[in-house]
1. Check the stretch 47-55 and report whether any residue there is surrounded by 10 or more Cβ atoms within 10 Å (Cβ to Cβ), in a helix (DSSP H, G or I) and at pLDDT 90 or above.
2. Say whether the condition of being modelled with pLDDT of 85 or more, assigned to a strand (DSSP E or B) and among the polar types (S, T, N, Q) is met by at least one residue in the stretch 122-133.
3. Determine which single condition Ser44 fails, assuming it passes every other condition in (1) at pLDDT 95 or above; (2) in a helix (DSSP H, G or I); (3) small (Gly, Ala, Ser).
4. Checking Val63 against (1) of a type in the set (Val, Ile, Thr); (2) in contact with a Ser or Thr (Cβ under 6 Å, 6 or more places away or on another chain); (3) surrounded by 10 or more Cβ atoms within 10 Å (Cβ to Cβ), which test does it fail?
5. Is it true that Ser147 is among the hydroxyl-bearing types (Ser, Thr, Tyr) and at pLDDT 90 or above?
6. Which condition from (1) modelled with pLDDT of 90 or more; (2) of a type in the set (S, T, N, Q); (3) assigned to a strand (DSSP E or B) is the one that Gln66 breaks?
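The values are calculated or read from the model by the stated rules, or taken from the named source; none is laboratory data. Note that the coordinates shown come from a computational prediction; the quantities given were computed from them, not determined experimentally. Note: ideal-geometry Cβ built from the backbone for every residue, glycine included; neighbour counts use all protein chains shown.
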Amino acid sequence: MRRIMTGCVALAIGFSGAVYADAYCAQDSSDGVILDEPRSRVVSVYRQPVKFQDRSGVRKATVIAQERAKGNIVRFFSQEQSTSREIEEVDEGGEEATRIVDSNGDLVTRTITRNQSEILRQLDASFAVSNLKGILQIEESYDKELSEVCVAMGFSAKSTNMAEKSKGWMEGKGNTTTTSSGVSLEPSSQTVDSYTRVRKDDW
């Protein structure tokens, strides 16, 4: 009986590790794009400060983190960089004369001025666009002590394929199938405590 119980505990632990995705928002994890080649996954992690620690403030920081995490993936795949530099040189001269007439005669004063300057203008810009079909929010966490939200966005070969299939379902090209779409990510209380929500590892 003891062997059977030990086996059940080990099986439960293994199953728990397989159900949920990796903890991308752990304290020792890094921001940026993470590549998981064996599972054909791309994940982007972004942390955003929270200015007001209520539902509205946390939600706003979460949306910003979502968009910037997606932007990091887009720039990873494709990015066009442009730079321009302009030098403006100015050399101006001027002369000014003043005539004053008094009882003793004319008095003329003359002033000559010269202005020289060099102005350097440089503009750097980047532009990126890409199709992130099948992208999902994998993880969201809020640290009340650090006043920081962390969001992990990712997509895989499987999620991209499911996006294509679900588009076909909506157009009536296939049978509908129920699939997990994640969890509600908006805190329910006005005062928000620290929390972590991780998507099931089914993507």
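1. yes
2. The answer is yes, given that some residue of the stretch 122-133 is modelled with pLDDT of 85 or more, assigned to a strand (DSSP E or B) and among the polar types (S, T, N, Q).
3. (2)
4. So the condition that Val63 fails would be (2).
5. yes
6. Going through the list (1) modelled with pLDDT of 90 or more; (2) of a type in the set (S, T, N, Q); (3) assigned to a strand (DSSP E or B), Gln66 breaks only (3).
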